[in-house]
1. For the stretch 476-495, state whether one or more residues are over 30 Å from LEU402 (Cβ atoms), modelled with pLDDT of 95 or more, not assigned by TED's automatic domain parsing to the domain that holds ARG431 and not in a strand (DSSP E or B).
2. Give the stretch 160-213 a look and list any residue that's farther than 23 Å from GLY733 by Cβ and of a type in the set (Gly, Ala, Ser), or say none.
3. Take the residues in the stretch 366-394 that are of a type in the set (A, V, I, L, M, F, W, C) and within 30 Å of ASP461 (Cβ to Cβ), then tell me which one is surrounded by the most Cβ atoms within 10 Å (Cβ to Cβ).
4. Does LEU320 fit the bill of being surrounded by fewer than 21 Cβ atoms within 10 Å (Cβ to Cβ) and either closer than 22 Å to GLU241 by Cβ or of a type in the set (A, V, I, L, M) (or both)?
5. Can VAL678 be described as within 29 Å of the chain's Cα centre (by Cα) and either among the basic types (Lys, Arg) or assigned to a strand (DSSP E or B) (or both)?
6. What number of residues in the stretch 800-825 are touching a Leu at 6+ places or on another chain (Cβ under 6 Å) and among the polar types (S, T, N, Q)?
7. One residue is enough: does the stretch 772-782 have a residue meeting the conditions farther than 30 Å from LEU1025 by Cα, of a type in the set (A, V, I, L, M) and not in a strand (DSSP E or B)?
8. Taking the options ALA537, ALA583, name whichever one is out of contact with any Gly (no Cβ under 9 Å at 6 or more places or on another chain) and among the hydrophobic types (A, V, I, L, M, F, W, C).
Amino acid sequence: MLLIAFVLLFFGTNAFAQEQSITGIVTDTEGVPLPGASVVVQGTTTGTQTDFDGNYTIDANVGDVLVFSYLGFDTQEVPVSNEAAINITLAQNTAMLDEVVVTGYGSQSRAKLTTSVSKLDTEILEASTRSNAATALQGTIAGLRVTNTTGQPGATPQIVLRGGTNFDGTGSPLILIDGIPGSFYALNSDDIESIEVLKDAAATAIYGARSANGVILVTTKTGKVGKSSINYRYKYSMNEERNDQKYLSAADFLNYNRQGHAYSEQARGNPNFIRQFINGDNSFGIGGNTTNSPFTTQLLTADNQYLLNQPGWNSIPDILDPSREILFFDNKNVGDRIYQDSETQDHYISFDGGNEKGTYYLGLGLLDNDGLILGSGFKRYSGKFSGSYRVSDKLKVNSNILYTHSNLSLSPLGNDDTVFRRFQGQAPTSRDFDNNPDGTFSDIFTVGQNQSFGNPLYYQDKFVRKNLEQRLAASVGIDWNIANNLLFSLNGSHFTINNHNENFNRAYRVGSNEGPLRTAREASVQLERTLRNQLTATLNYTKKFGNHNVNALIGAEYFKDNFFISGAGTRNSPTDLIETLNAGAEADGIPFSFESEYLITSAFGRLLYDFDDKYLLGFTFRNDSSSRLGNNKSGFFPGASFGWNVHNESFFNDSSIGKIVSRLKPRLSYGVNGNQDVLGGIQRVFGYDVPNNYRVFGAYGSQGVYNGQTGYANSLLPTLDLQWEKSTTFNAGLDISFFNERLTFITDVYSRDIKDKLADLTLPFYTGFSAIKTNNGTIRNKGFELQVNGDVIRNDNLTWNVGATFTRNRNFVISLPENDNDLNRQNGTLIWNPSTGQEEWVGGFQEGQRSGHDLVVAFEQERIYTNQADADADNGITDEFAQAASRNQRWAGDSKWVDQNNDGIINGLDRKVIGRTTPDFIGGLTSSLNYKNFRLFVKTDFATGHLVWNHIRAKGYAQTQGNLNQPIEVLQSWTPTNTDTDWPRMVFVNDAKNVWRGNEGRDFRDSNSLQNAGSSQFWEKGDYLALREVTLSYDVPKQYFNDVIQRLNIYVTGSNLHYFKSMSGDTPEIGGVQYGAFPVPKTITLGLNVTF
């Protein structure tokens, strides 16, 4: 009986708990199968994955709960009942705190992330035409300052994370494109799948010696399992000039400049100071002629008065001698001569697909971007291929190729300063065309003064500049599942840049079309080659033990960088028709070649652990050995992090706070990074910029040719015992969301110490060396970052999402090498501090103070002397910066300077700190409004708290070029009839020192540079809000296309539409001294995106 009872009990229990086989399919919301989705019986280790078609089979008991999950999608839990089939539809996860982010050598859900990582919303890349993808990062990543330093097509903006690691606040992040070190230059934004920015040291420590300035991970697109598709994108853009810099008309120009010259003679006590500017063929002189002089100004006579019958010709009384009239042409469009019609066409077509055996992706692009400036532009052909093939269940091979072929056309007129300060700022009395004898204009371009200050229309084709660059990044790898949960990966990559430049100067006239013909016809060629090879091996173990999740990775890497450059030139070619070296009669300089390389070998690892998705731990390390160091080649860089998903605690969910707060995760991290790039840097050799990879071993430089042989001498001191520069960062973060994740905050507070800072230390002159590279102290960066995302409206037909980023950073000097100065000061400016009644050093670098690299020290303008009696009252004050004749003679209209120490002398002590060139806050705002098939997207960025010196305005006001036009502020300057003003009289060549009182440099270490010795009146607030992008798009309903077209999106985009600012110039985002900047253009884009 007992045996029978036992058998009945056993079979009865077994029948009650008998497992059943459950099958089904897992798809997304559009019915596309999700291969590789995880299906797990909750609370057990029993699980499976879906196949290529999304199908699965699993054994489970009635009452069990099946958990369906897929990376990037919401997890679903379904109880098992008696049904044999369970089909599941997973919705894509749009919650910011659940997004998948790429990290070093892997990826993670942000829900389990314990470090500081930001991800770009790649929708930003889709609508605007971008010749450089890095511009999309502006204002979108908290902690990252992206500054457009030029509007040249193709140019990469300046990128600085968390204040940089250099004393001057610079430092470029490591940029990895599919794991290969590279840059954003020539990278097609349509090839990009995602961009992540690793910010704290715990996140970047796995990249060791190259990661002190942060890491930007760019992942390009790959094929996906599923139906094959073809996508075509086209964008057509029209670019327009900003033209915020305003200048004087010709009549005002003549009056102010001729009077300003007289003021200069007054200040100098010299009535005959360079009189050719008054009487000669200059912009406000009277020595022009009726036909071909660079400037049209001349005395009105019976012989030339016929010109007054021609449009644009005028005459005014000479302000210096009203008894005579000056004849001139008012060239109202003189500043527009540097511009050309500018448009952009951007084509991109891609093919992708795959099955359970493999995937493929092929993308081809063509970008043709005409720049705004004569001769400028950027043309790029790009190709991208990636493929994977599953050789067996355990072995997969993959490959990736990125290729670009580009032509960068820089303006033949010169650099941005030359183009925008000199050419754009030319006098409005200039000629564009020579005049015919009857006074009409001919079709012959006027030459102007010379090639750097002449007529851009004449010189635009005289300087041939050709560029061809080819970039290839190729990689191949294998993934081998050695055992369950154990994956071995091996990836080898090759990256190469071949950059070829050809220059030729055609013959050209100087002064006029009758002037001397310059026939040197210099030709030159330069070839640069970069080769980078990298081999990476990793072993990755992942395992779930009940509630314990472990992800362990170890790896090794070999990296080698080789750089080669060669150049040669000839001159005196007999013709403009042959632009190559062989036509030259003789060599122009010495042919040159240079080669350098360095390598890094590394071992690294990472351990990620979480318990029940509540307690999160991470540890990373990397050991690097670099050939750039001497006796201390190796460095160890660890990182550790912790996070707590409080919202997964039962006590939190049961609380009232849990009904408001959807997610709550505090984070802490600490890590160490290295910086071996500072050991490289750039050196100038024979006029070429080349890398300096061996500086710790010293260097010898050419001293010229003696007796037929080149002489060399020691030019750099060896420093074999240099230590690794290391950055240690403590980061505290908080991820929190409210109201069912409709409002999300990601915030970080950090403190980063850059220890054993590698920098140049100035040496005494008697050593024969200007500086030596040394471990030069400790810098500390402290800051706050906030990223906000909110769904204001969220329903089936209407959604409105807004986002914002805010960043604040401060750089401090903690320690410096011992010297004889207080606080071990390096550089700086000595001023008087009225609050303490003592002299005080400001700026430079001083222990315990903020870094002075961005400090602005200026002479404080109190007011303007209203009349001569007012000025004479201060003749007892000695101005050490004034001309000798005016040191104890003040003049009406000049600036009255604040005598900070009231000693009756205006000297260097009478300066004060007025601000800084870096912003107090930077950030951005975005808005995405969707109604049915319409979408309106707006993106802005802003910066506040920085000062800008617009040298286009300042130099024109000071007229130190001699023939520059003046900014419109001169109309507000002091004159005998306009005495109530804050703008000093305009004085030729700044002889009254009203604009700046030192030199025109901008080196913060020079106490007489513009940053340290300008007038407070000419510094401007750089605060701005940029309307960076506005896009209106429409998705045409696909039912119109009978499944032939899967998606058709049309849109119109406005980019860089407006700066809300008070600054006079075009580019408020560049803080500090701006000599002449190429502003980013206003752009209107029409585009379509179609998928078949």
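The values are calculated or read from the model by the stated rules, or taken from the named source; none is laboratory data. Keep in mind that this is a model prediction, so the values were computed, not measured. When we count neighbours, we look across all protein chains shown, and the Cβ atoms used for this are built from the backbone with ideal geometry, even at glycine.
1. no
2. Selection gives GLY169, SER172, GLY179, GLY182, SER183, ALA186, SER189, ALA209.
3. That would be ILE373.
4. On the way: surrounded by fewer than 21 Cβ atoms within 10 Å (Cβ to Cβ): yes; either closer than 22 Å to GLU241 by Cβ or of a type in the set (A, V, I, L, M) (or both): yes.
Considered against the rule, which asks whether it is surrounded by fewer than 21 Cβ atoms within 10 Å (Cβ to Cβ) and either closer than 22 Å to GLU241 by Cβ or of a type in the set (A, V, I, L, M) (or both), LEU320 comes out as yes.
5. On the way: within 29 Å of the chain's Cα centre (by Cα): yes; either among the basic types (Lys, Arg) or assigned to a strand (DSSP E or B) (or both): no.
No; evaluated as a whole, the condition is false for this residue.
6. Here is the first cut: in the stretch 800-825, the ones touching a Leu at 6+ places or on another chain (Cβ under 6 Å) are 800, 804, 806, 824.
Narrowing the set further to residues that are among the polar types (S, T, N, Q) leaves 824.
So the count comes out to 1.
7. Our first condition is that a residue be farther than 30 Å from LEU1025 by Cα; within the stretch 772-782, this holds for 772-779.
Retained after the next criterion (residues that are of a type in the set (A, V, I, L, M)): 772, 779.
Narrowing further to those that are not in a strand (DSSP E or B): none.
No; the residues of the stretch 772-782 include none that is farther than 30 Å from LEU1025 by Cα, of a type in the set (A, V, I, L, M) and not in a strand (DSSP E or B).
8. Numbers: ALA537 fails: out of contact with any Gly (no Cβ under 9 Å at 6 or more places or on another chain).
Going through ALA537, ALA583 in turn, just one is out of contact with any Gly (no Cβ under 9 Å at 6 or more places or on another chain) and among the hydrophobic types (A, V, I, L, M, F, W, C): ALA583.
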